[in-house]
Structure formats: structure tokens, C-alpha cells
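Asks: Got a structure for you, written out below as C-alpha cells; questions coming shortly.
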Protein chains: 2
Amino acid sequence: MSLTVVGSIAFDSVRTPFGERERMLGGSAVHFALAASFFTEVRVVGPVGDDFGDDEIAVLSERGVITDDIEHVEGGQTFFWQGHYEHDMNIAHTDDTQLNVFADFEPKLSAESREAEMLFLGNIQPDLQRDVRAKSAASYAGLDSMNLWIETTKNSLVAAIGEIDCLLLNDAELRMLTGEPNLARAARSAMELGPSVIVAKRGEYGAALFTEEGFFAIPGLPLEDVRDPTGAGDSFAGGFLGYLDEARSAGRTDDVTLRIAMAYGSVMASFNVEDFGTERVRRLTEGEIADRVLDFKRLTHFDEPSN
Amino acid sequence: MSLTVVGSIAFDSVRTPFGERERMLGGSAVHFALAASFFTEVRVVGPVGDDFGDDEIAVLSERGVITDDIEHVEGGQTFFWQGHYEHDMNIAHTDDTQLNVFADFEPKLSAESREAEMLFLGNIQPDLQRDVRAKSAASYAGLDSMNLWIETTKNSLVAAIGEIDCLLLNDAELRMLTGEPNLARAARSAMELGPSVIVAKRGEYGAALFTEEGFFAIPGLPLEDVRDPTGAGDSFAGGFLGYLDEARSAGRTDDVTLRIAMAYGSVMASFNVEDFGTERVRRLTEGEIADRVLDFKRLTHFDEPSN
């Protein structure tokens with residue numbers, strides 16, 4: 001089992017009602033990789049600048065993430081995002097975005113990263129996603145995107161979606177992509193573009209899974225302490241695809257497996273938001289993950305009515 | 001077992017992307033009563049005008065709802081609401097509200113309606129809710145409200161909430177009432193006002209239950225055909241409290257029972273939205289309800305991870 005993720009590596013400055021942090025390690029590929037690292041071998045592909053040093057690499061390598069394919073652009077600066085959250089932590093307000101080395105990013109895949117069995121295309125320009133997909137030998141690929149690409153490069157995005165197996169989007173993005181206000185119809189419409197698995201991420205409301213066989217929904221855990229929601233969606237994707245890669249290497253690919261993967265995705269997202277940036281996931285243990293999967297099971301369990 | 005509901009009885013004119021209807025039977029007490037009628041004996045208390053006739057009464061009495069406490073105001077007109085839904089069917093847009101006989105409503109409870117074991121205070125002015133609660137001998141009372149009363153008569157509403165057992169609100173209303181943006185904290189804060197059970201209704205995302213023992217969440221069923229969401233929250237409350245009344249009369253009041261009640265509430269709401277007004281619930285069968293409870297169980301079930 002092995003998983004390559006291509007996406008942003010970033011410094012994030014974030015302010016929430018519970019505090020603020022300057023230039024934390026972040027980015028979609030980072031949050032994804034840390035979450036997936038609990039399940040499989042992960043390689044990160046993405047560009048960084050001169051401001052990215054050993055401390056940042058250590059955060060990834062301490063979790064066993066392979067950082068050989070992180071591209072250091074001499075003289076460049078790492079992608080930077082600054083944002084804040086009001087009391088409604090479901091909505092991120094962007095205050096500053098500096099693409100820096102990410103502006104001219106041309107993904108370079110080493111032989112090892114091409115040969116990973118699973119590929120995750122983080123939220124980057126869809127033509128880059130297609131380029132990476134074409135170079136990769138992965139037998140299974142997931143893709144995330146965002147409203148910007150739906151609005152500006154929809155044809156490319158639709159083509160990219162046609163070349164992958166699992167699409168992960170926010171439910172609003174899924175509706176926007178398909179023009180279908182009804183989520184179940186939107187998911188079916190997205191499936192017609194190619195992927196056999198559609199995951200609708202719903203923030204604090206959890207996530208929904210649509211496959212050819214049926215659907216599944218898992219609510220969010222009602223956490224009292226949400227400190228920083230940044231990276232929750234990427235952590236979900238990391239837990240989901242990380243578990244799926246582990247399961248596929250054991251020959252399990254059915255809907256039962258996908259449902260457990262949804263639980264692991266939810267678990268990893270729920271930990272991610274408990275502290276700023278990568279702080280909570282860095283100190284996370286396998287025992288805590290196992291306990292929280294059971295929390296999710298209890299959260300949704302009800303007995304048969306005894307009528 | 002017996003349940004009295006006090007609330008609006010209305011004519012609704014509704015337009016959605018799937019059609020429109022003029023002057024359908026509606027109102028919180030009507031949607032609640034029809035849903036609850038599958039579980040217990042229901043009495044409706046509320047005012048109607050000269051335009052309310054045998055056809056409307058028949059819709060209720062055909063489901064066994066007792067209509068003796070519906071007050072006919074001579075020379076008056078029944079409460080009228082007109083609204084529409086855009087493609088995002090989560091948001092109701094009000095085009096016209098005519099309070100009519102509802103403007104001077106002073107609830108009158110017959111001996112039988114006072115003696116019901118359970119009471120549901122539908123969304124009406126909080127001082128009226130308190131008046132009804134004081135007159136009722138019910139051993140268990142639920143209450144719904146809305147943003148209008150939180151904004152204009154919050155002290156009365158807080159007093160009313162202090163006198164009931166189960167509070168049912170939309171999650172945004174629960175946050176507004178308590179000033180807590182975090183739902184889990186908002187629920188705990190609402191519990192400190194008096195009720196031991198808090199239900200956060202979340203529209204298409206389902207509903208969450210908070211008790212002293214813990215929490216439970218049930219997602220919405222991803223229905224492809226949602227025709228008219230009007231009354232979904234009241235149908236939820238009717239299924240929830242209707243089942244709870246039935247269970248309480250059998251001595252079951254624990255969290256296991258509350259979770260099953262959440263499933264029945266969700267089931268009744270999911271049927272309500274499949275057609276305009278009361279149309280779907282009127283032709284609903286007990287077999288369909290039993291089947292859909294199992295749909296909800298399947299929707300949320302995942303196996304233990306086998307690590």
C-alpha cells in the first residue's frame with residue numbers, strides 16, 4: 001500500500017474566536033498527508049520556498065510521511081494564506097493569499113511517487129490535476145476541487161473528474177458543479193462524469209457517501225471545542241483515502257469498506273479542528289483514533305423499534 | 001397515552017421549483033398532529049375562521065385526530081401564509097402572512113385537552129405557551145419557537161422554556177437563543193434553562209439530540225424528490241413526541257427510547273417533504289413508516305473496523 005498526494009504546502013496565519021497563530025505549517029497536501037499517515041505510506045508532492053526548513057519537514061517525517069518529492073524552489077517563498085473565522089466557524093474569511101512558488105507549480109513526480117497504488121489530487125488547477133493523473137500509475141485516484149475552478153475552468157475540471165475514481169467536494173460545490181440543487185441528484189449527476197464514488201463534505205454536519213449501490217451519511221461529532229477548522233476537509237480526505245488504500249491492499253473495496261473509510265475520515269477531521277493547524281494531529285495516537293471511531297458509532301446508533 | 005398540541009392551523013399557498021398549490025391545509029398544529037397520529041391519540045387546539053370547513057376537519061379526523069378543541073371564530077378568517085422556495089429548498093421565502101383569527105388567539109383548553117399526558121406547544125407567542133402550560137396537567141411538555149420570539153420576547157420565551165421538558169429548535173435558533181455559536185455548548189446552555197432534552201433540527205442535514213447522558217445525531221435521508229419542505233419541522237416534532245408519548249405510556253423514557261423517537265421524527269419529516277402540504281402524510285401507511293425506519297438505520301450503519 002502506498003499513496004501519493006499532490007497539493008499545496010503552505011504557511012497559514014489564522015485567527016479564530018479561540019486565538020491566533022502566525023505562519024503555521026498547513027496546506028491541503030500537508031493536512032491530507034498527516035491524516036493518511038496513520039493508515040498507509042504517504043508521499044507528498046508540492047513546491048516550497050526558501051522559508052521552508054527542517055522544522056517543517058520534521059512535522060511530516062515524524063509521522064513517517066516521505067518528503068523526497070517536496071520540491072524546493074530556490075529563491076522562492078512558500079504559498080501563504082491568511083484568514084479568520086467569526087463565531088460561525090463554518091465560514092473561512094480569506095484576508096490574504098500569496099501564491100508565491102505555487103504560481104508556477106509544475107508537478108514533478110519521481111518514479112516512486114508515480115508508482116504509488118493510490119493518488120490524491122488535492123485542490124489545484126484542474127489541468128495540473130490531469131497532468132499528474134496521466135503520469136501516475138495509481139489504480140485508484142481521488143480528487144478535491146473548489147468553487148474557483150468550477151467557475152473559471154469548468155471544462156478542465158469536468159475532464160479531470162472523468163479520469164478519477166472518487167470525487168470529494170463540499171456539498172455546495174457539488175451542487176454548483178452539476179447545477180442540481182438536490183444533493184442526491186447532484187451526486188448521481190457527478191457520478192455520470194466518471195467517478196464511482198462521490199463524497200459530499202458537509203462541514204460540521206458531517207459527510208455523505210454516494211455509490212452505485214446506495215448512500216451513507218455520517219454526522220459531525222458535536223465537539224464543544226473547535227479551535228481551528230482549517231484543513232478539516234483535507235484531514236477527512238486523508239483519513240478516508242488512507243484507510244481505503246490500506247483496505248484495498250487487503251482486497252477490500254466494497255461499500256462496507258467505504259463506510260468504514262467515511263468513519264475514519266470523520267474521525268481525522270474531528271481531531272484536526274480541536275487545535276490550531278497540525279497541532280492536534282501531530283500528538284494524536286492510534287488508540288485515540290480507535291476510541292473515536294467508537295464514539296461515532298455510538299453517536300449514530302439507535303435500536304430497532306420494538307413495535 | 002394522549003397528546004394535546006396547541007399551535008397554528010392555516011391555509012398555505014406554496015410555490016416550489018416542482019409546482020404550486022393554493023390554500024392547502026397547513027399550520028404547525030396540523031402537520032404535528034398528522035405525524036403524531038400514527039403513534040398516539042392527538043387533540044388539536046387552535047383557532048379557525050369561517051373559511052375552514054368539513055373538508056379540512058376530515059383530513060384530521062380521517063387520521064383519528066380529535067378536532068373537538070378546534071375553535072371556530074365566527075366571522076373570522078383562518079391564518080394564511082404564502083411563501084415560496086428557490087432551488088435551495090432549505091430557505092422559505094415568505095410572500096404574505098395574514099394572522100386573521102390567530103391575531104387574537106387565546107387558547108381554550110377543554111377538560112380532555114388539559115388532561116392529556118403529553119403537551120406540545122407549537123410555535124406561538126411565548127406568553128400564550130406559558131398560559132397553556134399552566135392550564136395543562138401533562139407530565140411531559142415539548143416546545144417549539146422561532147427567531148421572531150427570540151428577538152422580540154426573549155424573557156417570556158426563556159420563562160416558557162423553563163417550564164417544559166423538551167425543547168425543539170432549529171440549530172440556528174438554538175445558537176441565537178443562547179448566544180453560543182458552538183452547537184454542543186448552545187445545547188448545554190439551553191439545558192440549563194430547564195429542559196432535560198434538547199433537539200436541534202437541521203433541515204436536510206437531519207437532527208441532533210442532546211441529553212444529560214450524551215448526544216445522538218441522525219442525518220437527513222438524501223431524497224431525490226423533495227417537493228415542499230413546509231411543515232417538515234412540525235412533522236419531525238409530531239413523529240418524535242408522538243412516539244415518545246407511546247413509549248412513555250409503556251414505561252420507557254430512557255435515551256434508547258429518545259433515539260428511536262429521533263428516527264421516527266426523521267421518518268415523518270422525510271415523508272412530509274415528498275409532496276405538497278399534507279398530501280404525502282395523508283396517504284402514508286404504517287408499513288411505509290416501518291420500512292423507512294430501517295432505511296435510516298441502513299443509512300447510518302457502519303461495521304466495526306477490523307484492525
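Asks: For labels at A:D303 and B:A134 in the simple 7 Å Cα→Cβ model, what's the distance in nm?
Replies: Between A:D303 and B:A134, the label points sit 4.0 nm apart.
Asks: Also, I was wondering about something else. Pairs of alpha-carbon atoms within less than 8 angstrom and 6+ residues apart define the contacts here; what relative contact order does the range B:177-307 have, in percent?
Replies: This gives 20 percent for the range B:177-307.
Asks: Then there is this: With all protein chains present, how much of the accessible area of the range B:15-84 (probe radius 1.4 Å) comes from carbon and sulfur, to the nearest whole percent?
Replies: On the way: 1160 of 2790 Å².
Percent of accessible area from carbon and sulfur atoms in the range B:15-84: 42.
Asks: Also, quick follow-up: Can you give the % of DSSP beta bridges in the protein assembly as shown that are antiparallel, to the nearest 5?
Replies: Once the DSSP bridges in the protein assembly as shown are tallied, antiparallel ones form about 40 percent.
Asks: Give me the Kirkwood hydrodynamic radius of the range A:63-130 in Å, from all C-alpha pairs, to one decimal place? Kindly include the intermediate steps, with their values, before the conclusion.
Replies: Values: mean 1/r = 0.0671 Å⁻¹.
Averaging 1/r across every pair of different Cα atoms and inverting gives 14.9 Å.
Asks: Looking at the protein assembly as shown from every direction and averaging, what is the projected area of its Cα convex hull in nm²?
Replies: On the way: hull surface 106.2 nm².
If you wrap the Cα atoms of the protein assembly as shown in a convex hull and average its projections, you get 26.5 nm².
Asks: Can I ask one more? Antiparallel versus total DSSP beta bridges in the range A:60-172: what percent is that, nearest 5? Kindly include the intermediate steps, with their values, before the conclusion.
Replies: On the way: 6 of 13 bridges.
Taking every DSSP beta bridge with both residues in the range A:60-172, the antiparallel ones total about 45 percent.
Asks: Rounded to the nearest 100 Å², what is the sum over both chains of accessible area buried where B meets A, with a probe of 1.4 Å?
Replies: Details: alone 13730 and 13740 Å², together 23300 Å².
What B and A bury together is about 4200 Å².
Asks: What nm distance separates the two modelled labels at B:D88 and B:S61, each placed 7 Å from Cα along Cα→Cβ?
Replies: Roughly 4.4 nm, to one decimal.
Asks: As a test of the definition: which semi-axes, in Å, follow for the range A:92-198 when you take the square root of five times each eigenvalue of its alpha carbon gyration tensor? Largest first, please. The partial results should precede the final answer.
Replies: Numbers: eigenvalues 107, 77, 22 Å².
In descending order, the three semi-axes are 23, 20, 11 Å.
Asks: Also, quick follow-up: What residue among A:V48, A:V256, A:V101 has the largest mean-square fluctuation in a Gaussian network model of chain A, using Cα springs under 10 Å?
Replies: A:V256
Asks: Taking the Cβ-Cβ separation of A:D254 and A:E224 as r and a Förster radius of 41 Å, what is the calculated FRET efficiency to the nearest 0.05?
Replies: It comes out at approximately 0.70.
Asks: How compact is chain A by the rule of thumb for globular proteins, expressed as Cα Rg over 2.2 N^0.38 Å? Please list the in-between numbers first.
Replies: Numbers: Rg = 18.1 Å, N = 307, 2.2 N^0.38 = 19.4 Å.
Its radius of gyration relative to the 2.2 N^0.38 Å reference: 0.94.
Asks: Now a separate question. Where the only charges are on Cβ atoms (+1 Lys, Arg; -1 Asp, Glu), what is the dipole of the protein assembly as shown about its Cα centre, to the nearest 20 debye? Each step should come with its number before you reach the end.
Replies: On the way: 52 positive and 106 negative charges, 114 e Å.
With Lys and Arg at +1 and Asp and Glu at -1, about 540 debye.
Asks: Taking the Cα atoms of the range B:1-156, report the difference between the largest and smallest coordinate on each principal axis, in whole Å and largest first.
Replies: Principal-axis extents of the range B:1-156 (Cα, largest first): 43, 39, 34 Å.
Asks: Less than 15 Å Cβ to Cβ from A:E41, Lys/Arg counted +1 and Asp/Glu -1: what total charge do the surrounding residues give?
Replies: Working: positive: A:R43, A:R63, A:R114, A:R248; negative: A:E62, A:D68, A:D69, A:E112, A:E115, A:E117, A:D245, A:E246.
Result for the neighbourhood of A:E41: -4.
Asks: Using a 1.4 angstrom probe, figure out how much accessible area the range A:140-247 has per residue, in square angstrom, rounded to the nearest whole. Mind showing how you got there, number by number?
Replies: Details: 3350 Å² over 108 residues.
About 31 Å² of surface per residue is accessible.
Asks: Out of the DSSP beta bridges found with both residues in chain B, what percent are antiparallel (nearest 5)? Walk me through the numbers on the way to the answer.
Replies: Numbers: 21 of 51 bridges.
The antiparallel proportion sits near 40 percent.
Asks: If we restrict to alpha carbons, what Rg and Dmax does the range B:188-245 come to, in Å?
Replies: In order Rg, Dmax, the Cα atoms of the range B:188-245 give 12.9, 39 Å.
Asks: For A:K135, A:K297, B:K108, what's the largest-to-smallest order of accessible area, 1.4 Å probe?
Replies: Working: A:K135 70, A:K297 45, B:K108 115 Å².
Result, largest first: B:K108, A:K135, A:K297.
Asks: So what is the 222 nm mean residue ellipticity for chain A from helices alone, if each DSSP H run of at least 4 adds -39500 (n - 2.57) and you divide by all residues, rounding to the nearest 500 deg cm²/dmol?
Replies: On the way: 12 runs with 117 residues, N = 307.
Roughly -11000 deg cm²/dmol at 222 nm, from the helical runs in chain A.
Asks: Here is a further query. Could you compute the net charge surrounding B:P181? Neighbours are other residues with a C-beta less than 12 Å from the C-beta of B:P181; K and R count +1, D and E count -1.
Replies: Details: positive: B:R175, B:R185; negative: A:E86, A:D88, A:E204, A:E224, B:D171, B:E180.
Local net charge: -4.
Asks: Now for a separate question. Sort shortest first the distances from B:R282 to its counterpart in every other copy, using label points 7 Å along the Cα-to-beta-carbon line, and give them in nm.
Replies: Inter-copy label distances (nm, one decimal, shortest first): 6.3.
Asks: So for chain A, averaging the separation of alpha carbon pairs under 8 Å that are six or more residues apart and normalising by length, what relative contact order in percent results? Please report the intermediate quantities before stating the final value.
Replies: Working: 672 pairs, mean separation 54.8, N = 307.
So the answer I get is 18 percent.
Asks: Taking R0 as 25 Å, what FRET efficiency do you get between B:E212 and A:E274 from their Cβ-Cβ distance, rounded to the nearest 0.05?
Replies: After rounding, the FRET efficiency stands at 0.60.
Asks: For the range A:157-307, what D do you get in µm² per second when you plug the Kirkwood radius from alpha-carbon pairs into Stokes-Einstein at 10 °C and 1.306 mPa s? Show your work: numbers first, answer last.
Replies: Details: Rh = 16.1 Å.
This corresponds to a translational diffusion coefficient of 99 µm²/s.
Asks: What order do B:L193, A:L99 take when sorted by accessible area (1.4 Å probe), most exposed first?
Replies: Working: B:L193 60, A:L99 85 Å².
So the residues, ranked largest to smallest area, are A:L99, B:L193.
Asks: How many nm separate the modelled label positions at B:D54 and A:S156, each set 7 Å beyond the Cα in the direction of the Cβ?
Replies: 7.0
Asks: Right, next: For the charge dipole of the range A:152-198, defined by +1 on Lys and Arg C-beta atoms and -1 on Asp and Glu C-beta atoms about the Cα centroid, which residue among A:V197, A:A159, A:A172 has the Cα displaced farthest towards the positive pole?
Replies: So the residue we want is A:A172.
Asks: Set the Förster distance to 25 Å, then compute FRET efficiency between B:F18 and B:L294 from the Cβ-Cβ distance, nearest 0.05.
Replies: Numbers: r = 27 Å, r/R0 = 1.07.
Taking R0 as 25 Å, the efficiency between B:F18 and B:L294 is 0.40.
Asks: Nm distances between the label at B:K154 and the same-position labels in the remaining copies, 7 Å along Cα→Cβ, shortest first?
Replies: The answer, with the shortest distance listed first, is 4.3 nm.
Asks: Go ahead and set up a Gaussian network model of chain A, Cα springs under 10 Å, then flag whichever of A:A187, A:A290, A:A232 fluctuates most.
Replies: In this elastic network of chain A, the residue with the biggest mean-square fluctuation among A:A187, A:A290, A:A232 is A:A290.
Asks: Taking a label point 7 Å from Cα toward Cβ, how far is A:E74 from its twins in the other copies, in nm, shortest first?
Replies: A:E74 label point versus its equivalents elsewhere: 9.9 nm.
Asks: Ignoring ligands and nucleic acids, what accessible area does B:E192 show with a 1.4 Å probe (Å², nearest 10)?
Replies: In the full protein context, B:E192 sits at about 140 Å².
Asks: Per residue of the range A:52-66, in order, report the coupling 6.51 cos²θ - 1.76 cosθ + 1.60 (Karplus, θ = phi - 60°) as ³J(HN,Hα) in whole Hz, putting x for Gly and Pro.
Replies: 9, x, 5, 4, 6, 4, 5, 4, 6, 5, 4, 8, x, 6, 7
Asks: Using alpha-carbon pairs under 8 Å, 6+ residues apart, how would you state the relative contact order of the range B:67-109 in percent? Before the final figure, lay out each step's value.
Replies: On the way: 43 pairs, mean separation 17.4, N = 43.
This gives 41 percent for the range B:67-109.
Asks: Show B:F52, B:F240 ordered by accessible area, largest first, where the area counts protein heavy atoms only and the probe is 1.4 Å. Walk me through the numbers on the way to the answer.
Replies: Numbers: B:F52 20, B:F240 0 Å².
Of B:F52, B:F240, the descending order of accessible area is B:F52, B:F240.
Asks: What is the pair-distance distribution P(r) of the range A:40-91, computed from all Cα-Cα distances in 10 Å bins starting at 0, with each bin given as a whole percent?
Replies: 21, 40, 25, 14
Asks: Pull out the extension gain between A:M146 and A:E163, defined as 0.36 nm times the separation in residues minus the alpha carbon to alpha carbon distance; nm, one decimal.
Replies: On the way: separation 17, 0.36 × 17 = 6.12 nm, distance 1.72 nm.
Separation in residues times 0.36 nm, less the Cα-Cα distance, equals 4.4 nm.
Asks: Of the options A:M89, A:L99, A:G75, report the single residue whose Cα projects farthest towards the positive end of the charge dipole of the range A:38-108 (beta-carbon charges: Lys, Arg +1; Asp, Glu -1).
Replies: A:M89
Asks: As a test question: what accessible area, to the nearest 10 Å², does A:R252 have when a 1.4 Å probe is rolled over all protein chains in place?
Replies: 80
The values are calculated or read from the model by the stated rules, or taken from the named source; none is laboratory data. The structure presented is a predicted model; accordingly, all values stated were derived computationally and were not measured. Ideal geometry is used to build each Cβ from the backbone, glycine not excepted, and the neighbour counts take in all protein chains shown. Accessible surface is based on the protein model in full, side chains and every heavy atom, while ligands, DNA and RNA are left aside. Shrake-Rupley method; radii C 1.70, N 1.55, O 1.52, S 1.80 Å.
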